[in-house]
1. Can you tell me the dipole magnitude for the stretch B:223-357 around its Cα centre, using point charges on the Cβ only (Lys, Arg +1; Asp, Glu -1), in Debye to the nearest 20?
2. Using a 1.4 Å probe on protein heavy atoms only, how many Å² of accessible area do A and B hide from each other, summed over both chains and rounded to 100?
3. Between the DSSP loop rule and a limit of at most 10 other Cβ atoms within 10 Å, which GluC sites (Glu not before Pro) in the stretch B:381-456 are left?
4. With springs only between Cα atoms under 10 Å, which of C:Ala58, C:Ala96, C:Ala18 fluctuates most in a Gaussian network model of chain C?
5. For B:Lys624, go through the lysines and keep the ones whose alpha-carbon is under 18 Å away, minus same-chain ones fewer than eight residues off.
6. Whenever you get a sec, compute what percent of the accessible area on the stretch B:351-482 sits on carbon and sulfur atoms (1.4 Å probe).
7. Put +1 on the Cβ of every Lys and Arg and -1 on every Asp and Glu Cβ in chain C; which of C:Ala103, C:Asn129, C:Gly78 then has its Cα farthest towards the positive end of the dipole?
8. Between A:Ala27 and B:Glu540, what FRET efficiency follows from the Cβ-Cβ distance if R0 is 41 Å, with the result rounded to 0.05?
Amino acid sequence: MEQSGEHLIPVERATVWRSLNDPVVLARCISGCQSMEQLADDRFAATVKARVGPVRATFEVALTLTDIHPPESYVLQVEVKGKAAGFGKGLAEVALAEAEDGTTLLRYSVAGRVGGKLAQIGARLIDSAARKMADDFFSALHEALDPAADRQQSANPS
Amino acid sequence: MSTETGIGAAVKRREDLRFITGRGNYTDDLNVPGQTCGVFLRSPYARAKIGAIDATDALQVEGALAVFTGRDTATDGLGDLPCGWLVKSKDGSDMAAAPHPPLAVSQVNYVGEPYGLVVAESLAAAREAAELVAADFEELTPVVATAEAAEASPIHEGLKDNLAYDWELGDEAATDSALATAAHVTRLDLTNNRLIPNAMEPRAALATFDPASGNYELRTTSQNPHLERLVLSAFVRIAPEHKLRVVAPDVGGGFGSKIFVYAEETVVTWAAAKVGRPIKWTAERSEAFLADAHGRDHVTHAELGLDGAGRFTALKARTTANLGAYLSTFGSAVPTYLYGTLLAGQYKTPNIHVQTHGVYTNTAPVDAYRGAGRPEATFVVERIVEAAARETGRDPVELRRLNMIEPDDFPYETPVALVYDTGNYQASLDKALHLADYAGFKQRRAASETRGKRRGIGFSCYIEACGLAPSQLAIQLGAGVGLYESGEVRVNPTGSVTVFTGSHSHGQGHETTFAQVVSDKLGVPFDDVEVVHGDTGRVEFGLGTYGSRSLAVGGSALISASEKIIAKGTRIAAHMMQTEPTNVAFEEGAFISGNQRLTLQEVAFASYVPADYPPDLEPGLSEKAFYDPENFTYPAGAHIAEVEVDEATGVVQLVNFVAVDDFGHIINPMIVDGQVHGGLAQGAGQALLEHGIYDANGQLTTGSYMDYCMPRADDVPDFVVDTTVTPCTHNPLGVKGCGEAGAIGSPAAIINAVTDALGTEDIAMPATPEQVWRKLSGL
Amino acid sequence: MNLTLTVNGAEHSLDVPANTLLVELLRTRLRLTGTHVGCDTSQCGACTVHLDGCAVKACTVLAAQAQGRSVTTIEGIGRPNGTRNGSPDDLHPMQAAFRDCHALQCGFCTPGMILRAMELVESGGTLDNRTVREGLEGNICRCAGYHNIVKAVLAAGDAMQEQSR
Ligand code: FES
Ligand code: FES
């Protein structure tokens, strides 16, 4: 599984960088995240409830940051364990670039693979599930950071 | 004997009543007091070292009773699961067999390999507990692709490479020189796709242990319960045979996949004694996909030489067969003795050489699946013959006819170790051509074209070898068991008959067919004959049902036993009629001498109530027989497929299928037709739909009915099936076996039709719309 | 939760966990083992039963959804008194046709096939080779190659129409 994308976030780079290292923000942005714990500067552990097609499970997620270049980029090593549901492993490269008017352009690319039941039953669905998780993550991040988002949302209660 | 129920009659099956009313007894339908539930822990990795396994949390779950791992079974001295056929490499060395513990101990070698068993009061509790077992794995690089496995680094510690054996058959030098001087050589690279058997009833086991007697009882989905018991006793060493009863109750299809002795029933039986309670395990379909033995998975390069007149001069095949991670029960024999020996097909090819590399990969073990080796051989022969006809501008039918073994060539000895006893290949081909209206094909093709469809026709003249035999030869070639069958015919005091057979029925209808055979032979009413099978506690011994052997071998044993009944009955009757046995004839259920007549019933009664009885005879009228066939039987036939390919979508529709088979004499034509239909649908599945795919990491990506495409009702047409008859020359019934023919002949016929429609030889199975569409689009 | 439902004409009131599937209820609680489980992705049809006369896959229906409703399984489709004596005379025409046409081999898919096929006939659409094949698309049989199943459904269709006339 491979995918990439970019998002324009309307706050300055340093803020985005801080959020991407903040377990509280991360927990808020990962849908289904039930807990997020910072084990060290560069290590997080989370439990996430997720569903890929017919496979539904609580996954233990270990996140390790490497190649850290504040406030520009890091590489995120992701290890997902779902016991009977299988496992996932991936690398996400995240890069932040300053964009116009104090906004930030976030680029990411993910390469990963799954195993066990996730691959057996969910293989066809894993790409779309991963894309959805990424989209949800960034729109949540966007919301969490954008002072305008709150107002927008209350104006558009959908 | 009444022709309505005797040999040759389309008797309605007696087993049907329980199935159509929901009163079958499949393993999962059975329940015993105190029963617990088992769930297996399965590797999510294709290849990994097993680290610590922590069951602390799992055992906290309410209702959880025990968690066992490979270390427990190893400590208890449980033996490995054996491979029953020792194949030797061409240099004379034994195959390299990797140890196959029932539960993985230090390393897992395919996704789905069991490494532990969780036992709990309920299925829900067992599943919950299984979720909580924490196992550490250290992932290793897997070897997956068939073609590359031999060169890759060995997956098993202690083996020097992934080559289990390098086997050959035939004269290589003669074949090579014939190819070198051939007027034309056709070359073809072929893949025989991996299939997942998918009997509709998933495997299951229900094991009990009685501490008072020390007796084990295992009810399981098996095609051969006696073999199961033998292996669990002699190799896995769970309990001696007299302490272990194995029952295969109603079994919902097997197609080979339930021949083998698997880890699950082994471990569950062992664990029943550990837990002190009965344990039931039933596979989910997802587990069946991962852990049932798969079928086929060959990669072959073949060359066929022809002389100027179109006569075949030589056939050479180089095959790599994926055996999976371990050698399954008969896995080693399938791509060798059941494959290479069939490469002569129906033809007089004088020189044949085959070489098979059996390779280990980090995938589920591969073993016999309906046809086992013979579909692979037929695919090679019939694809390359069709391609040769096209390359040399000959009609594929005429090229076949030119090369076919003639009816008076029999017995015919092939260059690959078989002696065909009888056959008439021209007759089945002629009949098939007529039924398929070959003459009208051109018109049908033109009509299809006007609808934007390309029509193709394909042929397959297959041969198969059934009822592996004789035992002595098979054992010389490495078989670990004999290949006879046993039967017992017991005439009860009041004249009804109970028949015990070592064959097993899981859809084939033995309860009906075998009763027909015995009722016909003994002249007792069909309804008075009961057939007992599938229970080591009731049937003395048996080698089970596979390789279309039941009737040819098991049925013949019943004939022998019946003959002994008649012989003994004759002596009793002679005594009663005060004459010599030589003066007594047995006709239609009665012993006759002059105008005296005694029915079998009367004689049976006299044998159990021996008032007036020959002094030198034992009372009773029950006889056993072991029948060891002297040769294989050789069913053969002609299959013709017609397909329509939609140019816009690449969808291949199988529009006509004609199968004319020679099964020798037929006991029940209704059942035989049904066997052919089922085989044809499986063959159509292989050709057009089914494919077991592992990704590069060894993950099975076709692990459910969402991705593994099973043939459904609207994927296949009505089949036209018919038969021709040349009776088998060496068994008393003249029968040959019909269970696998459909799956053996059809894939080649269908792919020959698809390649005909598309005008290219380069189509792999399954011919999916995507593949065909790419070909049509020149991509 | 407490559940009241009718199964094969008999009313049952039972206490079951809320997440119980209908197929589990039938097989393990009521010991009606004629309804089979052939897959875990609702694609084989082995578990087909009738819920208020409609064919449903009992592995995708919660027992709770059958609250107050009527379930018919393979055990309940014979003539009055069912087939307790195993007499062929008691069979539903669809059961009889499956036997007469040799539309079953191992019998594992058969109960689901029969119940789906009954609905197909009862729904009153055109019955021909093609519509029957399409109608049975949700039920997998690995043994019989469908040929005789289609024959049986068409034969039973005639018999059932005859009967209702
Ligand atoms: S068990 Fe319900 S559809 Fe397969
Ligand atoms: S009869 Fe065996 S699956 Fe249909």
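1. Working: 14 positive and 11 negative charges, 57 e Å.
Around 280 debye, computed over the stretch B:223-357.
2. 1500 Å²
3. Of the GluC sites (Glu not before Pro), not one in the loops of the stretch B:381-456 has a Cβ with at most 10 other Cβ atoms within 10 Å.
4. C:Ala18
5. Excluding near neighbours in sequence, the set is B:Lys521, B:Lys564, B:Lys568.
6. C and S fraction of accessible area: 52 percent.
7. The residue sitting most towards the positive pole is C:Ala103.
8. Details: r = 67 Å, r/R0 = 1.65.
So, using R0 = 41 Å, E works out to roughly 0.05.
The values are calculated or read from the model by the stated rules, or taken from the named source; none is laboratory data. Source: prediction; values computed, not measured. FYI the Cβ positions are ideal-geometry reconstructions off the backbone, even for glycines, and counts take in every protein chain you see. Areas reflect the complete protein model, heavy atoms only, side chains present, ligands, DNA and RNA absent. Shrake-Rupley method; radii C 1.70, N 1.55, O 1.52, S 1.80 Å.
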